[in-house]
1. Can you tell me which residue is farthest from the other protein chains (Cβ to nearest Cβ) among those in the range B:76-91 that are part of a helix (DSSP H, G or I), without any contact (Cβ under 8 Å) to a residue 60 or more places away in the chain and in contact with a Leu (Cβ under 8 Å, 6 or more places away or on another chain)?
2. For A:THR137, all conditions in the list (1) of a type in the set (Val, Ile, Thr); (2) in a helix (DSSP H, G or I); (3) modelled with pLDDT under 95 hold save one; what is the number of the exception?
3. Out of B:ILE60, B:ILE34, B:ILE69, B:ILE30, I need the residue that is loosely packed, with under 12 Cβ neighbours inside 10 Å and among the hydrophobic types (A, V, I, L, M, F, W, C). Which one?
4. Taking A:SER104 as the residue in question, decide whether it is within 27 Å of A:GLY33 (Cβ to Cβ) and buried (at least 22 other Cβ atoms within 10 Å of the Cβ).
5. Being charged (D, E, K, R) and either facing chain B (nearest Cβ under 7 Å) or in contact (Cβ under 8 Å) with a residue 40 or more places away in the chain (or both) is the filter here, so list the residues in the range A:65-115 that pass it.
6. Of these, A:ALA92, A:ALA128, A:ALA116, A:ALA112, which one is among the aliphatic types (A, V, I, L, M) and over 30 Å from A:LEU48 (Cα atoms)?
7. Kindly establish whether B:GLU111 is loosely packed, with under 13 Cβ neighbours inside 10 Å and acidic (Asp, Glu).
8. Within the group B:SER50, B:SER2, which residue is surrounded by fewer than 12 Cβ atoms within 10 Å (Cβ to Cβ) and either under 20 Å from B:LYS70 (Cβ atoms) or modelled with pLDDT under 65 (or both)?
Amino acid sequence: MADTALAPPATDVHAEEDHAAPTSTGLSNDKLGMWVFLGSECLLFGGLISTYLLYKNRLPEGEIGPDDVFDIPFTSVSSFVLLMSSLTMVLALSAVQRNDIRRSRIWLLTTAMLGATFISGQVYEFTAFYREDLGYTTNLFSSAFYTLTGFHGVHVSLGIVMLMSLFVRSMKGNLDSSHSERVEIVGLYWHFVDIVWILIFTIVYLFPQ
Amino acid sequence: MSTTPVTDTGDAPHEAEPGGHAHPSDLSYIKVAIFLAIVTAAEVFTYFRSVHGWGDNALIVMLTLAMIIKFYAVAGWFMHLRFDNSLFTRMFVAGLVLAIGVYLVMLTAFELFA
């Protein structure tokens, strides 16, 4: 009898996964953890942007510099694409929160496609620069530029992987309003990547050289 | 694979977390995106110097302001910092302020002593 009374209740693994125990703050630890992670990412990108600012004008006479290679109209279109992906991401979250599964799939996939378009643009840009003899080790400017924008590109690519994993979960029927926090956390990461590009686009591409 | 039927069209704001406010509606997000697109277009316009003829310093000030406005719009609205519990804001701003402080000192040191 006593054994029966003390036995723990049978638990649903998925239910445990989706409804975490109350925390001392009353807030989700996963979400708080993502914000702390994004705060630490500020230091990573801050370091890369500062390095670029230090090195962009330290060019020997006659070397290829930013003015020689940047294609601002092209990069502006890429920036616009990434900016709009933030809108589709937040619409995906909104759809999941109200349990509109069909729309959430459409918006998640659209966000991933917009991200892939941005990455394709970056690959095209890097290839064009390389053909103009601006390699990774050509000069300090090129090393700092490729490192900064390359790191950002890797972040966008990771974001696309996360979005596609959410999409696959949704197609398997494992993503409804009870899982909206997962979408929100991936969304926070995605918006942060967009914010970093807002800084890079202005500081690297638009500031007078 | 089943799709749950819904009646909510997204015009109503969503529920808030403890210590937060309700999230905005889809229409509000679209308005913010249009605003961001307009600011970006204005930023790109500054690249065509033969049209406006502004000096470097004026350009840097204007572009920095536009960048901060866009940063605030994305963080505040799309990332819900304006609506969620302030602890999230504090965590993010702590990293941001630390990064700005450290790298301003670093840039200043390299400019002065390099």
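The values are calculated or read from the model by the stated rules, or taken from the named source; none is laboratory data. Since we're looking at a predicted model, the values are computed, not measured. No Cβ is skipped: glycine too gets one built from the backbone with ideal geometry, and neighbour counts run over all protein chains shown.
1. Of all residues in the range B:76-91, those part of a helix (DSSP H, G or I) come to B:76-78, B:86-91.
Okay, now just the ones that are also without any contact (Cβ under 8 Å) to a residue 60 or more places away in the chain, so B:76-78, B:88-91.
Retained after the next criterion (residues that are in contact with a Leu (Cβ under 8 Å, 6 or more places away or on another chain)): B:78, B:88-89, B:91.
Numbers: B:PHE78: 5, B:PHE88: 5, B:THR89: 8, B:MET91: 4 Å.
Step by step, filter the range B:76-91, then rank; the result is B:THR89.
2. For A:THR137, the exception is condition (2).
3. Details: B:ILE60 fails: loosely packed, with under 12 Cβ neighbours inside 10 Å; B:ILE69 fails: loosely packed, with under 12 Cβ neighbours inside 10 Å; B:ILE30 fails: loosely packed, with under 12 Cβ neighbours inside 10 Å.
Checking each option against the conditions leaves just B:ILE34.
4. yes
5. A:ASP67, A:ASP68, A:ASP71, A:ARG98, A:ASP100, A:ARG102, A:ARG105
6. Numbers: A:ALA128 fails: over 30 Å from A:LEU48 (Cα atoms); A:ALA116 fails: over 30 Å from A:LEU48 (Cα atoms); A:ALA112 fails: over 30 Å from A:LEU48 (Cα atoms).
From the options A:ALA92, A:ALA128, A:ALA116, A:ALA112, the qualifying one is A:ALA92.
7. In short, yes.
8. On the way: B:SER50 fails: either under 20 Å from B:LYS70 (Cβ atoms) or modelled with pLDDT under 65 (or both).
Testing whether each residue is surrounded by fewer than 12 Cβ atoms within 10 Å (Cβ to Cβ) and either under 20 Å from B:LYS70 (Cβ atoms) or modelled with pLDDT under 65 (or both) leaves just B:SER2.
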